[in-house]
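Chemist: To start, I am sharing the structure in question, which I have written as structure tokens.
The values are calculated or read from the model by the stated rules, or taken from the named source; none is laboratory data. Since this is a predicted model, take the numbers as computed values, not measurements. Here the Cβ positions follow ideal geometry from the backbone for every residue, glycine too, while neighbour counts run over all protein chains shown. Accessible surface areas use protein heavy atoms only, side chains included; no ligands, DNA or RNA. Shrake-Rupley method; radii C 1.70, N 1.55, O 1.52, S 1.80 Å.
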Amino acid sequence: MENHIYKKIEIVGTSETSSDDAVKNALSKASKSVKNLRWFEVTETRGLIGDNGTVDYWQVTVKIGFTMMD
């Protein structure tokens with residue numbers, strides 16, 4: 001069994017729809033420039049409250065782990 005070495009990065013995803021979509025947007029963007037993505041963890045969730053008291057915008061901070069290449 002090979003020993004893997006991992007690195008973590010932290011990014012913030014956004015969405016006007018939901019916190020889940022904010023996570024998906026973050027992972028989609030990260031996958032375009034970082035290879036070997038393996039896992040993520042949500043560390044913060046924030047939202048912008050609109051004038052009518054509803055959530056207008058979501059921000060989700062995620063830590064993403066990936067396997068480092070040889």
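Chemist: Out of (1) assigned to a strand (DSSP E or B); (2) open to solvent by 80 Å² or more (accessible area, probe 1.4 Å); (3) in contact (Cβ under 8 Å) with a residue 60 or more places away in the chain, what's the single condition that is false for PHE66?
Modeler: Checking PHE66 against (1) assigned to a strand (DSSP E or B); (2) open to solvent by 80 Å² or more (accessible area, probe 1.4 Å); (3) in contact (Cβ under 8 Å) with a residue 60 or more places away in the chain, the one that fails is (2).
Chemist: What is the number of the single condition among (1) open to solvent by 80 Å² or more (accessible area, probe 1.4 Å); (2) more than 9 Å from the chain's Cα centre (by Cα); (3) of a type in the set (Asp, Glu) that ASP56 does not meet?
Modeler: Looking at each condition in turn, ASP56 falls short on (1).
Chemist: Would you be able to tell me the number of residues in the stretch 45-63 that are among the aliphatic types (A, V, I, L, M) and either within 14 Å of THR17 (Cβ to Cβ) or touching a residue at least 60 places away in the same chain (Cβ under 8 Å) (or both)?
Modeler: As a first pass, look at the stretch 45-63 and keep what is among the aliphatic types (A, V, I, L, M): 48-49, 55, 60, 62.
Still in the list and also either within 14 Å of THR17 (Cβ to Cβ) or touching a residue at least 60 places away in the same chain (Cβ under 8 Å) (or both): 48, 55, 60.
Final tally of qualifying residues: 3.
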